[in-house]
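Everything on this sheet refers to the single structure shown next.
Computed from the coordinates by the stated procedures, all read-outs in this text should not be read as laboratory data. All values reported here derive from a predicted model rather than from experimental measurement. Because the Cβ atoms are built from the backbone with ideal geometry, glycine has one as well, and the counts that use them run over all protein chains shown.
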Amino acid sequence: MATACGGASEPARLETAPPPRDDGAAEAASPASTETPELPDEDVAAAIASLLDRAAELRDAELEVNVLGGIAILNGTTQNLRQSWRAADLAKAAMGVRAVVNRVTVDVPERDDRRLLRDVQHALAAHPATDPWEIDAEVSDGIVTLEGTVDTLVEERLIERVVAEVRGVKEIRGAVVVEHSPEARRSDAELEAVIEGRLAHDVRVEDDRIEVDVDDGNATILGEVASVWERDRIIELASIQGIRTIDVFVDIEWWRTDALRDGRPATSNEEVVEALQTALFFDPRVPEETIDVVAARGVVTLSGTVPTIAARNAAVRDAANTVGVERVDVQMTVEPPEAATDERLVRDVRAALQRSPHTELAEIDVTADGGAVVIAGEVDSPFERLRAEEIAGGIVGVITVDNQLVVDAEVAAIADTALKQNIDHALRWNPYVDADGVEVSVADGVAVLSGSVGSTRARLAAVETAYALGAANVVTRLNVRGAPTPAASDL
């Protein structure tokens, strides 16, 4: 449950949709005008509270939203750390938000620190991207302290995400140090060029409004973005090896109608391949050297081998985020670095499901046959069903996952109706999507998005919104106005 307080002490109700973003709003935001469109804090708070209340992952959270001058302040409790971070991410993507202050605490039953430490260590060792790093962990009263060294800020954040998935973790502290190897050292000009290239080829950011400067490995980024969420994506893309610190000074201008249009020049096949190979290189979840990339007329084909299903999915997401990609043809095969017995796979999948706060109480049967894992049983929601499959797919040695988990039919039918309403509502408060052009239908937890949007970024934002609200899968039939109509896909 989430409640909104806006700028007042009484809970606010959202009675109106956000104002239309038309040419007048763009004119008001032009340099010649000093007027800035504003949304009442009460409306923004009510919209965020509604988004949090509708998110499948946050159904057990008790949250309060207060907005003061566009700054969203989140208070309350969640049952795990990942929920707290998800709440902040949803707030960052809402129109009218200039910053987010996350004061949410994790309220979970106490766990023995030794058992929690064991689970944290097992989670880091089980993840193929974090296993090679020398990371030490200590636990005290549910607070995990991490120490060690990594190559990039992205790797540091990946470690934190893996630890946050462990049941009982209340907070993460530590001194994980980013150390740049002398072999990978680049000049400031080279670092600047790499960051600018990543921004230019990622559909999640509008690079023509961003300036990058690197001095002695310290990056400074200036410009305008449409949301706090977009600002975080810029930080993520700038977190490459060789960068020591990142200072971001951007204005949040959610009302700009050009955020809904795709004004980038056409991208050649060669540029798409180079951009995606760069994205894969900087993604610690993906072994880019074993993946082959081919691009032709908006279709990217990924072939080669990956160690886990999770790595394959990460590569597909990297492709979907690349400018010029309309559809991804997945031909990668999962080849674990070492063979695992069926008994070990069953044990590892079960242990991972029990470590997760989302699936620890679910009665899930796990069987394995030559790397093919079957998960069966009954779960409480489509979100739990999807999360269990993701967890199983992250285990080294698992080649395929047959998800036979079922949700009660009555619950599933109610969930489908609610999910459609939730997606419709959330899209109206997304700064990138013209919700009037998007039609949503849901059946068996699968959301189908049809219609048209103004940019590839808007299409991706619509898909991300549907997943965030609990869709088990998203079929995209959205046409980018002015671009060739892509075949239906589930990017």
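For this structure, a couple of remarks:
- Stretchable slack from Met1 to Ala443, in nm (0.36 nm times residue separation minus alpha-carbon distance): 156.6 nm
- Over the C-alpha trace of the stretch 183-255, radius of gyration and Dmax come out as 11.7, 44 angstrom.
- The 3J(HN,Hα) values that the Karplus relation (6.51, -1.76, 1.60; θ = phi - 60°) gives for the stretch 324-338 are, in residue order, x, 9, 9, 8, 10, 9, 9, 10, 6, 10, 8, 10, x, x, 8 Hz. Gly and Pro appear as x.
- Contact order for the stretch 128-203, expressed relative to its length and based on alpha carbon pairs under 8 Å spaced 6+ residues apart, stands at 29 percent.
- Distance between modelled label sites at Ala189 and Gln421, nm, 7 Å Cα→Cβ extension: 6.0 nm
- Annotation: the residues Phe281, Phe249, Phe383, sorted from fewest to most other C-beta atoms within 10 Å of their own C-beta, follow the order Phe249, Phe281, Phe383.
- Relative contact order (%) - criterion: Cα under 8 Å, at least six apart; region: the chain: 12 percent
- The chain: calculated mean residue ellipticity at 222 nm from DSSP helix runs of at least 4, using -39500 (n - 2.57): -10500 deg cm²/dmol
- Report note on the peptides 108-115, 432-439, 47-54, 189-196: ranked by the mean count of other C-beta atoms within 10 Å, highest first, their order is 47-54, 432-439, 189-196, 108-115.
- Cα extents for the stretch 265-344 along the principal axes, largest to smallest and rounded to whole angstrom: 52, 21, 16.
- P(r) weight above 18 Å for the stretch 319-385, C-alpha pairs, percent: 55 percent
- Table column - 3J(HN,Hα) (Hz), the stretch 235-240, Karplus curve with 6.51, -1.76, 1.60, x for Gly and Pro: 4, 4, 6, 7, 7, 10
- Peptide ranges 269-275, 99-105 listed from the most packed, as the mean C-beta count within 10 angstrom indicates: 269-275, 99-105
- For the chain, the spherically averaged projection of the C-alpha convex hull amounts to 22.7 nm².
- Annotation: amide H of Gly96 within the under-5 Å range of Trp254, sequence separation 5 or more or interchain, hydrogens built in the peptide plane.
- Length available on full extension from Glu390 to Thr341: 0.36 nm per residue minus the Cα-Cα distance, which gives 15.6 nm.
- Sites Glu270 and Thr220, calculated FRET efficiency, Cβ-Cβ separation with R0 30 Å, nearest 0.05: 0.45
- The modelled label-to-label distance between Arg114 and Glu171, using points 7 Å beyond Cα along the C-beta direction, is 2.5 nm.
- Residue-by-residue Karplus 3J(HN,Hα) for the stretch 267-277, coefficients 6.51, -1.76, 1.60, Hz, glycine and proline x: 10, 6, 4, 5, 5, 4, 4, 4, 5, 5, 4
- Annotation: amide H-H contacts under 5 Å for Gly470 (H modelled 1.01 Å from N, sequence separation of 5 or more, or interchain): Ala56.
- The percentage of C-alpha pairs in the stretch 113-178 whose separation is greater than 19 Å is 19%.
- Along its three principal directions, the equivalent ellipsoid of the stretch 228-361 from the Cα gyration tensor extends over semi-axes of 32, 22, 15 Å, largest first.
- Residues with amide H under 5 Å from that of Ile73, placed H, sequence gap 5 or more: Asn66, Val67, Leu68, Val101
- Computed E for Ile235/Glu138 - FRET, C-beta separation, R0 22 angstrom, nearest 0.05: 0.20
- For the stretch 410-480, the Kirkwood hydrodynamic radius comes to 11.7 Å, computed from all pairs of different C-alpha atoms.
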